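For reference, the structure discussed in these notes is given below.
Each reported figure results from applying straightforward, stated rules to the coordinates on display, with no laboratory input. Treat the numbers as computed from the prediction; the structure is a model and nothing was measured. Ideal geometry is used to build each Cβ from the backbone, glycine not excepted, and the neighbour counts take in all protein chains shown.
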Amino acid sequence: MKKTKNRIIAAVLVLLVSFGLSVPAYAQNSSGLVIVPRENYTINPGGSVSNELPVTNLNNSLSLDLSLKTVDFTYVDQTGTPKLLLNQNTHQTSWSLKPYLSFPATVKVAPGQTAEVKVSINLPANIKPGSYYSGIEYLANNSGGSSLNLSASGTTLLFVNVPGNVSENMDLVHVGAYQTDSSISGGKYISFAVNPPEEIGYTLQNTGDVVETPAGSIALQSMYGGHHNIEITNANPDPSIALIGQTRLFTACVKSVDEQISLNDTKTPAKVCQQHPSLFPGKYNITLEVFYGQNGKESHEIYGIGHFWYLPWWFIAVAVAALALIVFIVVRVYIKLNHAVGSEDDEQEPREEQS
């Protein structure tokens, strides 16, 4: 469970949080800077919205001077890690919010205080329906003196959904038991496990023009049936999202437990995957049923099936021993039968000679 806990803490403390968070959206922390990691809006064409984003200085003795700028982003890989497009020569993305965003260029936060950054989004009347997103990057100025001397940064990701006639399409790439590891990809699908898998994963490809957040359930059916079956009622517990054009991995715990995660001396409740969930050895069939749709209308369904074998070493050892015992018994019976048949033949041969 330590590994799962570290993953959750890392997802909160990293410079750029994952698109799907399982904790309240107030906990992006960067060297004394606490900001909102993600904001979502629905705005009609020609509409606008204003909001105040809190920025907190955790240092109780030095002030914090920040420079703010808009930055586009895309995805790194199949995980939720965003890739900021920091090169000034990078072309503006087709989903960029840059032309429609306005906010102050700088903000100063007093020691131990929270400042409000006023952000406005104004959309033109002729904007096409779909999803638009960019980030507000906070850069701490290295001014020294009475201000907090930082070189770190943080980013608030902004998502805007423009209602209308849009193209929505997500395709299932894979579903199965998923095992996290320390590789670059972060894990892999497995069809055979000697330890009970802690997560079920599924990969979806978003070929539409809107950001999607699938929701649904996963059923694990044991070969024995009955109480060995498991129902995962929330297939996207974070909830995580798939960006435009992204092939995204989603995972859900086979069994979850409640834990208190420590963050900045604050206990935050969170659900984590149970380590070594109680599974009976054998084959498990996976049934995935998730839905997605714009404005929370789950109008599209994705159905998929998979399977995995859970065969722990002790079970393999018992099975091998049992098989060896069966082979031994069969051989012994065979030898005894052959011996008995041979004895009868020896008894019958003298009688035939006397006659």
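For the residue pairs LYS98/LYS128; LYS83/LYS267; LYS69/LYS118; LYS255/LYS283; LYS69/LYS108; LYS69/LYS128, alpha carbon separations beyond 19 Å are given by LYS83/LYS267; LYS69/LYS128. Available extension along the chain between LEU337 and GLU259 is 21.8 nm, counting 0.36 nm per residue and deducting the alpha carbon span. Taking trypsin sites (Lys or Arg not before Pro) across region 271-313, the ones in a DSSP loop with at most 14 further Cβ atoms lying within 10 angstrom of their Cβ are LYS297.
The alpha carbon gyration tensor of region 207-335 gives principal lengths a ≥ b ≥ c with a/c of 1.5 or higher and a/b greater than b/c, which makes the shape prolate. Positive-end ranking of PRO277, VAL257, THR247 along the dipole of region 199-280, with charges on Cβ about the Cα centre, is headed by PRO277. Shape descriptor for region 287-336: Rg over Rh equals 1.57 (Cα atoms; Rh from the Kirkwood inverse mean 1/r).
Looking at region 159-202, none of the chymotrypsin sites (Phe, Trp or Tyr not before Pro) sits in a DSSP loop with at most 13 other Cβ atoms within 10 Å of its own Cβ. Local charge sum around GLN246 (other residues, Cβ-Cβ under 13 Å, Lys/Arg +1, Asp/Glu -1)? Once all neighbours under 13 Å are counted, the net charge is -2.
Give me the net charge of PRO99's neighbourhood, meaning all other residues with Cβ under 15 Å from the Cβ of PRO99; Lys, Arg count +1, Asp, Glu -1. That sum, taken over residues with Cβ under 15 Å, equals +2. Positive contributions from Lys and Arg (+1) and negative ones from Asp and Glu (-1), summed over other residues with Cβ under 14 Å from the Cβ of SER167, come out at -3.
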